[in-house]
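The next block holds one structure in the form of structure tokens; read it before the comments.
Each reported figure results from applying straightforward, stated rules to the coordinates on display, with no laboratory input. Remember, it's a predicted structure, so these values are computed and weren't measured experimentally. Here the Cβ is made from the backbone with ideal geometry for all residues, glycine too, and neighbour counts use every protein chain on show.
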């Protein structure tokens, strides 16, 4: 742990200004958000809750953070200068709440299925990933806070280009496929066994839903499984590789990262240090409880389990996720996924 934190600290201190300048900080994200949940009292108030999103604008160029070409993109697509958010065409392909415990010794990642049918303020009910498309990070925050009752401290989003680059800088990531599956949408067959994935292959892996038994829900589990492996590789790199490699890793993250303006240099550095200290075994990976599937018009949607979800979010708010997990072990993402 100390080695990991020390490695990260050395890299960040050595090039703090450069890395900090690469992060896109978006002002006023929380200003439009109304009727926000109250912060918990006592020690739980020291926990952090961060909305993390991966965006899905189809593009051959980066669409988030400093890596995107703001001028050309704005001219060609009419994008507002909101960290790469393109109104009406960019949805949150991945949405999760990262809960970092008050003592910083554990964390939880709770994914929200992108097809979850929820109230979106000002728009009626819709798939949750539409909130980012219609109103950017502010509406995404409002939607998640209204749904969960958890006050979000920060919001961050990154596009798939950043995910791909980070994977490549790490030298690829290993995943185990327990049985052969075919992705009919991309005409890719994943054979049973271990696969060493580069960035492009990793994107194909985490975005598959056709051919998986539970479609989008299995897709979420794949993303969490991959995130767990990515987290361990990232942490290991600061312990076993040179500062130059560590700098390349942080460079890949920060160039593609957009955050709210409250996540300043000191807070971001502390957050990265806390996360690098954690092992994947210290993190509970969950999906918001699901009641089943349904349809709305021609759309296939996911129905969330309101009662069980209320219990989970209450545990997040109280900074008591491990106790909740011990009572609902079947809802934790397994170490092996489809």
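Taking other Cβ within 10 Å of each residue's Cβ, how do 231, 95, 194 sort, fewest first?
194, 231, 95
Order by neighbour count: 158, 50, fewest other Cβ atoms within 10 Å first, most last.
50, 158
With 10 angstrom as the radius, rank 258, 106, 335, 111 by how many other C-beta atoms surround their C-beta, starting from the fewest.
Sorted ascending by nearby Cβ count, the order is 335, 106, 111, 258.
Taking Cα centroids, how far is segment 134-192 from segment 263-310 in Å?
Spelled out, the Cα-based centre of one part sits 11 Å from the other.
How would you classify segment 111-152 from its alpha-carbon gyration tensor, with a ≥ b ≥ c the square roots of the eigenvalues: rounded for a/c under 1.5, else prolate if a/b is greater than b/c, otherwise oblate?
rounded
May I ask you to compute the full-extension gain from residue 281 to residue 327, defined as 0.36 nm times their residue separation minus their alpha-carbon distance, rounded to one decimal in nm?
14.8 nm is the gain from fully extending residue 281 to residue 327.
Using per-residue counts of other Cβ atoms within 10 Å, averaged over each peptide, order 34-44, 260-270, 131-141 from highest down.
Going from most to least packed, we get 131-141, 260-270, 34-44.
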